[in-house]
Amino acid sequence: MVRASCLKRWRPRFMLVGMKLYNYFRSSASYRVRIALAHKGLTYEHVPVNLLRGEQLQPGYTGLVADPVVPLLVLDSGESLTQSMAIIEYLEEVHPLPPLLPPDALGRARVRALAQSVACEIHPLNNLRVLKYLVNEMGVSDADKTRWYAHWVRQGLEAVERHLSTGPAGVFCHGDAPTLADCLLVPQIFNAQRFNVPMEGLVRVQAAFDACMQLDAFSQTQPSACPDAQG
Ligand SMILES: N[C@@H](CCC(=O)N[C@@H](CS)C(=O)NCC(=O)O)C(=O)O
């Protein structure tokens, strides 16, 4: 039996409030933010939103966001941040070390361009709600949906490959340290692998992926390592 005096000793004197990340283990946009938080050594509560069960469309979540997608980062202050790139840029401003952007303006422009190639050119075309619309509203077959997915992901990654080959040497997307561009690229590769998108010839892309996966910030936040991971 636990004595009352013990309970008293262990009761917290104040409520600890921390950041909350509403996310889904397989969501690449969520994974981007998990990497950035881990890279900067920031802790948070992992709040799962199961996209396959449609939890992003339930009032419990739609009451928190304008657009029913993950991730959502709720700060200790209660402020809400959405859009993974905006969240990462916020974290970079408030917690600049270790950095995710290079020190020079040209370098930052290149890193942001690479990140946007994934966030703006590839990801929107393979998002769950887009794929569901193709199948459910436009009558596209599952096979054609998969072709659509592979076509746009492969084409987008080829563009990233060309961009990487014109940049500074180094194993990561931009030099010898991971940046915002790697935070975006790695989750997109996980996604591509899951849908068997051919990766042949994407030499720099693959090298950046392999280098990132040597780092805890990337490996310990990968989909299979998440508390809500399912087979
Ligand atoms: N541009 C947004 C994309 C967010 C997004 O589309 N998230 C996906 C998961 S990766 C989602 O929640 N999809 C829900 C749906 O399609 O219904 C960001 O970077 O945060």
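Residues that are surrounded by 12 or more Cβ atoms within 10 Å (Cβ to Cβ) and touching a residue at least 40 places away in the same chain (Cβ under 8 Å) within region 216-231 comprise 217, 218, 220, 221, 222, 223, 226, 228, 229, listed in sequence order. With respect to being within 16 Å of the ligand (Cβ to nearest atom), over 23 Å from residue 93 (Cβ atoms) and charged (D, E, K, R), residue 129 fits the description. Number of residues in region 195-226 that are modelled with pLDDT of 95 or more, in contact with a Phe, Trp or Tyr (Cβ under 8 Å, 6 or more places away or on another chain) and not in a helix (DSSP H, G or I): the value is 4.
Exactly one residue among 117, 84 is in contact (Cβ under 8 Å) with a residue 12 or more places away in the chain, within 27 Å of residue 44 (Cα to Cα) and within 16 Å of the chain's Cα centre (by Cα), and that residue is 84. Any residue at all in region 104-125 that is among the hydrophobic types (A, V, I, L, M, F, W, C), touching a strand residue (DSSP E or B) at 6+ places or on another chain (Cβ under 7 Å) and either more than 12 Å from the ligand (Cβ to nearest atom) or on the phi < 0 side of the Ramachandran plot (or both)? Within region 104-125, none of the residues are among the hydrophobic types (A, V, I, L, M, F, W, C), touching a strand residue (DSSP E or B) at 6+ places or on another chain (Cβ under 7 Å) and either more than 12 Å from the ligand (Cβ to nearest atom) or on the phi < 0 side of the Ramachandran plot (or both).
The residues of region 67-84 that are surrounded by 11 or more Cβ atoms within 10 Å (Cβ to Cβ) and either away from the ligand (no atom under 14 Å from the Cβ) or hydrophobic (A, V, I, L, M, F, W, C) (or both), listed by number, are 69, 70, 72, 73, 74, 75, 76, 81. Restricting region 181-213 to residues that are buried (at least 19 other Cβ atoms within 10 Å of the Cβ) and of a type in the set (S, T, N, Q), the residue that is nearest to the chain's Cα centre (by Cα) is 188. Residue 94 satisfies every condition listed in (1) within 13 Å of the ligand (Cβ to nearest atom); (2) more than 17 Å from the chain's Cα centre (by Cα); (3) of a type in the set (Val, Ile, Thr) except (1). Sub-9 Å Cβ pairs linking a first residue in region 53-80 that is under 23 Å from residue 221 (Cα atoms) to a second residue that is away from the ligand (no atom under 14 Å from the Cβ) and β-branched (Val, Ile, Thr), at least 6 apart or interchain, are 76/17; 80/74, ordered by first then second residue. In region 41-52, how many residues are more than 14 Å from residue 31 (Cα to Cα), hydrophobic (A, V, I, L, M, F, W, C) and more than 12 Å from the ligand (Cβ to nearest atom)? The qualifying residues number 1. In region 53-66 there is no residue that is within 19 Å of residue 188 (Cβ to Cβ), modelled with pLDDT of 95 or more and within 16 Å of the ligand (Cβ to nearest atom).
The values are calculated or read from the model by the stated rules, or taken from the named source; none is laboratory data. Please read all numbers here as calculations on a predicted model, not as lab measurements. Using ideal geometry, Cβ is built from the backbone for each residue, glycine included, and neighbour counts are taken over all protein chains shown.
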